[in-house]
Amino acid sequence: MTYTTLIVGGGIAGTLSAIALRKAGIGSVVHEAYDRDADNVGAFLTLAVNALDALRTLGIDVREIGFETPRMALTSGSGKKLGELQYGAPLPDGTVSRTVKRADLYRLLRRHAEELGVPIEYGKRLVEAESGGGRVVARFADGSAAEGDLLIGADGLWSRTREIIDPRAPGVRYSGLLNTGGYARGVSTGAEPGLMCAIFGRHAFFAHLTHPDGEVWWAANPARKAEPTRGELAAISPQEWRGHLLDLFRDDEGPAADLVAASGKIFSAWKTYDVPAVPRWHRDRMIVIGDAAHATAPSIGQGAAMAIEDTVVLAKCLRDSPGVTAAFTAYERLRRERVERVVAQGNSTGGWKGLGPVARIPRDFIMAAALKRMERRGEDPSRWIYDYRIDWDQPVHAGG
Ligand SMILES: Cc1cc2nc3c(=O)[nH]c(=O)nc-3n(C[C@H](O)[C@H](O)[C@H](O)COP(=O)(O)OP(=O)(O)OC[C@H]3O[C@@H](n4cnc5c(N)ncnc54)[C@H](O)[C@@H]3O)c2cc1C
């Protein structure tokens, strides 16, 4: 089947969808709300091995950006070692998970899309879409419209497509955690390059990892039970924010406070959300994928990975199914159980991060015991997340 596809959102899921569809022989146009350079944000993310494997299926190698992140070490704020884990087993050729700057990843994906000749239109914010008679029409905030055979909503956490498909779709869920981070030089953390060090601190969660060039990349999750408004967050000056983080990490063992102090610029705080199960992923000729369908709490480090896997599976379904409805049905059958399990796990992992001074004592004890048991038995309960593989050549109707 060959289609003309409208893709809404030019982030990870949107850009990769276009690339995956091209591989399946299906044309598309990406419509991104923002201008070209708007994604030049400072944060970073880790692409676990399952994400790297799915990217390879599309011929994308990310080794030119970021650095290897094969393992993570967990400690408590008192400096007690809770355990160490693999960030997924290496791929057969030894490839391990990789941490990359978000802006570098976006640039790399867009370069691939452009090399394939995928049109990306910027400044196109979807406001409405109508589907019927085998066609779909998308309308944008600038007054323009586009028509195609199907529409893929890859418009992220605050997806407009999700609302259009189902006006009763659940909204986002605030996790009680804020996010921030930065980059520091001149601080020795004592950790080998690439080791993801997670500190379940006395007052907040902190993670750091050292680039082979010596720069330390860090992130922190101050807990804020009541959801602050955007205005309240924006009103916190950079100095106040730095002072607050120093207060939070001053009592902890490890380099957290030193890293905060040594960072030239600290990312302004943003709120963490997920989206609980979205009952309807598709209607007529419209479907949501990536964060628009199943935003995962960042704590599990799998949101982008799920979005990447989605794009490969959806392209296969459209390639192999006799029509759009059959393709969407096959896609949901192949994806829903897995992504909902990941969202649930992300939600419970995030819960560990925001605990107060009393609850953190049993938490550290339980975590250390569980990690020790896993190490002793050589088990990894997260294997099912990392070991997922997609065989591009296996037809979908055969269960692939
Ligand atoms: C702090 C933090 C850390 C994270 N760490 C990790 C990690 O380590 N590993 C991992 O795998 N994942 C991580 N994630 C999750 C990951 O960032 C997301 O799951 C991923 O970006 C989702 O990709 P997406 O393309 O679905 O959505 P996005 O990347 O959000 O892209 C959506 C795009 O749609 C555009 N858009 C929005 N609305 C419209 C509209 N109406 N019309 C047109 N365009 C629109 C947006 O501008 C954007 O470009 C993290 C997330 C956070 C917040």
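The values are calculated or read from the model by the stated rules, or taken from the named source; none is laboratory data. Here the structure is a predicted model, which is why all the values come from computation and not from measurement. Don't worry about glycine lacking a Cβ; one is built from the backbone with ideal geometry, like all the others, and counts go over all protein chains shown. Note: areas computed on protein heavy atoms with side chains; ligands, DNA, RNA excluded. Shrake-Rupley method; radii C 1.70, N 1.55, O 1.52, S 1.80 Å.
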State all residues of region 140-170 that are part of a loop (DSSP other than H, G, I, E, B), within 14 Å of the ligand (Cβ to nearest atom) and either under 23 Å from Arg283 (Cα atoms) or open to solvent by less than 40 Å² (accessible area, probe 1.4 Å) (or both); if no residue qualifies, say none. Ala141, Ser144, Ala154, Asp155, Gly156, Leu157, Trp158, Ser159
Restricting to strands (runs of 3 or more DSSP E) lying wholly in region 4-103: which have 2 or more residues that are charged (D, E, K, R), open to solvent by 20 Å² or more (accessible area, probe 1.4 Å) and more than 14 Å from the ligand (Cβ to nearest atom)? 81-86
Given the options Tyr34, Tyr87, name the one that is closer than 30 Å to Asp142 by Cβ and within 20 Å of the chain's Cα centre (by Cα). Tyr34
Can you tell me which of Ala234, Ala191, Ala204 is of a type outside the set (Asp, Glu), open to solvent by 20 Å² or more (accessible area, probe 1.4 Å) and closer than 30 Å to His294 by Cα? Ala234
Kindly check whether there is at least one residue in region 193-202 that is closer than 21 Å to Lys265 by Cβ, under 21 Å from the mean Cα position of the chain (by Cα) and assigned to a strand (DSSP E or B). no
Are any of the residues in region 106-122 free of Cβ contacts under 8 Å to residues at least 60 places away in the same chain and open to solvent by less than 10 Å² (accessible area, probe 1.4 Å)? yes
Mind checking which residues of region 286-300 are in a helix (DSSP H, G or I) and modelled with pLDDT of 90 or more? Asp291, Ala292, Ala293, His294
Residues Leu314, Leu245, Leu259: which one is part of a helix (DSSP H, G or I), open to solvent by less than 60 Å² (accessible area, probe 1.4 Å), within 16 Å of the ligand (Cβ to nearest atom) and under 23 Å from His203 (Cβ atoms)? Leu245
Here are the criteria: (1) more than 16 Å from the ligand (Cβ to nearest atom); (2) surrounded by 15 or more Cβ atoms within 10 Å (Cβ to Cβ). Tell me which single one Ala223 does not satisfy. (1)
Counted residues in region 298-311 being open to solvent by less than 10 Å² (accessible area, probe 1.4 Å) and touching a Leu at 6+ places or on another chain (Cβ under 8 Å) come to 4
In region 104-132, how many are in contact with an Asp or Glu (Cβ under 8 Å, 6 or more places away or on another chain) and either over 16 Å from Arg36 (Cα atoms) or near the ligand (Cβ under 10 Å from one of its atoms) (or both)? 9
Some residue of region 368-385 being open to solvent by 10 Å² or more (accessible area, probe 1.4 Å) and modelled with pLDDT of 90 or more: yes
Those residues of region 279-296 which are over 12 Å from Val339 (Cβ atoms) and open to solvent by less than 10 Å² (accessible area, probe 1.4 Å), in sequence order: Met286, Ile287
Which one is most open to solvent (accessible area, probe 1.4 Å), of the residues in region 177-188 that are more than 14 Å from the ligand (Cβ to nearest atom) and touching a helix residue (DSSP H, G or I) at 6+ places or on another chain (Cβ under 8 Å)? Arg185
Among residues belonging to region 262-278 that are open to solvent by 60 Å² or more (accessible area, probe 1.4 Å) and in contact with a Gly (Cβ under 9 Å, 6 or more places away or on another chain), point out the one that is farthest from the ligand (Cβ to nearest atom). Gly264
